Amino acid sequence: MNVLDTSLLPTAADIETAAKRLFGVAVRTPLINAPVLDELLGARVFLKAETLQRTGSFKFRGAYNKISSIPLERRRAGVVAYSSGNHAQGVAAAARLLGLHATIVMPADAPRLKRERTAALGAEIVLYDRDTQDRAAIAKKIVAERGATLVPPYDDPLIIAGQGTIGREIVEDLGQFLLEPEIVVVGASGGGLAAGISLGVKARVPAAKFYTVEPEGFDDTLRSFKSGRRETNARTSGTICDALMTSTPGELTFPINRELIGAGMTATDTEVAAAVRYAFHELKLVVEPGGAIGLAALLAGKLDVKGRVVVAILSGGNVDADLFAKLIT
């Protein structure tokens, strides 16, 4: 059994360094309070709108923090990433800003919008079948052939630290209302967003309680919390939350999430669709299914939040127009 080198895990200090790298580059996204949601849930509810981040999701933060840290002499070989779309766009955008060539391994069934936007950012796209092929193996082969740098979607300390700047901003922005986060709800796939945000928040508000939310049938993080070891999903497709179908928690992210979070829940596609619809009609926000899963858990009453200060992460807004039209009608 491999023993994890804990020195590889990011710290709150790494998040502060990431915040300096991202200053003036990443968007400091708004923390939105909607009175209609407060009234519905009987709580003070804030939504961190990473839908308004560069490329439409939180992924730009980690990608830029990682790529900007690559030594100059290694940048000519470019970067390689694998992603269903949001990390792909974040890597492509960060690479373009820094003048590097980006190659992205993407599932053939990724939303058309995500594939088109990744290509528009100048990235080379390599398609694969998510049910029969191993995206990590494909990416590692390209890295070996070209001498490029791999930019993982979540299992990297610089990626996690970049996402952690969201937690830092949440605490600072709530502080302007003389409030602190009591409950934070965040979608989980590989766990990089949850790990980063929990590190960023708990460094300043140790008492904050976190919950992960996953699509029903893709609850590897929740099952891993219960068993104490990294569990694997039986399926690799079959939910509208295309951004949340990673097969198992990350080697680096899971120890962080187990220690700082340790609790979670699932949401059905029907509940997620209702959240996408609610965000559009009541909050006037466009959120992709995977990005709305935290809101879905709140709307479905999966947590007792009455009287509490609650934050849900709207992690992305990259949804195909056809699917979005179906979901909001």
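The values are calculated or read from the model by the stated rules, or taken from the named source; none is laboratory data. Not measured: the values here are computed from a predicted model. FYI the Cβ positions are ideal-geometry reconstructions off the backbone, even for glycines, and counts take in every protein chain you see. These area figures cover heavy atoms from the full protein model, side chains too; ligands, DNA and RNA do not enter into them. Shrake-Rupley method; radii C 1.70, N 1.55, O 1.52, S 1.80 Å.
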Using a cut-off of 11 Å between beta-carbons, work out the net charge of the residues near R61 (Lys and Arg +1, Asp and Glu -1, R61 not included). +4
Excluding residues fewer than 8 places away in the same chain, name every one of the lysines whose C-alpha is closer than 16 Å to that of K306. K209
Less than 15 Å Cβ to Cβ from L178, Lys/Arg counted +1 and Asp/Glu -1: what total charge do the surrounding residues give? -2
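Please give the FRET efficiency for A119 paired with Q176, using the beta carbon to beta carbon distance and R0 = 45 Å, rounded to the nearest 0.05. Don't jump to the answer; show the numbers that get you there.
Values: r = 39 Å, r/R0 = 0.88.
So the FRET efficiency works out to roughly 0.70.
For E271, what is the net charge nearby, where nearby means another residue's Cβ is under 9 Å from its Cβ and Lys, Arg count +1, Asp, Glu -1? Working shown, then result.
Working: positive: K302; negative: E216, D269.
Around E271, the surrounding residues sum to -1.
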For the ranges 192-199, 11-18, what's the packing order if you count other beta-carbon atoms within 10 Å of each residue, average per peptide, and put the highest first? 192-199, 11-18
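Based solely on its DSSP helices, what 222 nm [θ] is calculated for the chain when runs of n ≥ 4 H residues each add -39,500 (n - 2.57) and the sum is averaged over all residues, nearest 500 deg cm²/dmol? Could you put the intermediate results ahead of the total?
Numbers: 13 runs with 135 residues, N = 329.
So the calculated ellipticity at 222 nm is -12000 deg cm²/dmol.
Of all chymotrypsin sites (Phe, Trp or Tyr not before Pro) in segment 15-94, which ones are in loop regions per DSSP and have a Cβ with at most 14 other Cβ atoms within 10 Å? Let's see the in-between values first.
On the way: sites: F23, F46, F58, F60, Y64, Y82; in loops: F23, F58.
For chymotrypsin sites (Phe, Trp or Tyr not before Pro) across segment 15-94 that sit outside H, G, I, E and B with at most 14 neighbouring Cβ atoms in 10 Å, the list reads F23.
Can you tell me the relative contact order of segment 196-324? Whole percent, Cα pairs under 8 Å, sequence separation 6 or more.
Values: 178 pairs, mean separation 31.3, N = 129.
Normalised by residue count, the contact order of segment 196-324 is 24 percent.
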Taking the chain as the reference, fit the longest principal axis to its C-alpha atoms, fit the long axis of helix 86-98 to the helix C-alpha atoms, and give the angle between the two in degrees, 0 to 90, nearest 10. 60
Got a number for the accessible area of T55? Probe 1.4 Å, square angstrom, nearest 10. 30
Can you tell me the orientation of helix 192-202 relative to the chain, as the angle in degrees between its alpha-carbon axis and the longest Cα principal axis, to the nearest 10? 50
Output the 0 to 90 degree angle, nearest 10, between the alpha-carbon long axis of helix 269-281 and the longest principal axis computed from the alpha carbons of the chain. 80
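Suppose a student asked you for the relative contact order of segment 1-159, using Cα pairs under 8 Å spaced at least 6 residues apart; what percent would you report? Display every interim value, and only then the final one.
Values: 242 pairs, mean separation 35.0, N = 159.
It comes to 22 percent, rounded to a whole number.
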Once the dipole of the chain is set up with Lys and Arg at +1 and Asp and Glu at -1 on Cβ about the Cα centre, which of A321, G85, S247 lies farthest towards its positive end? G85
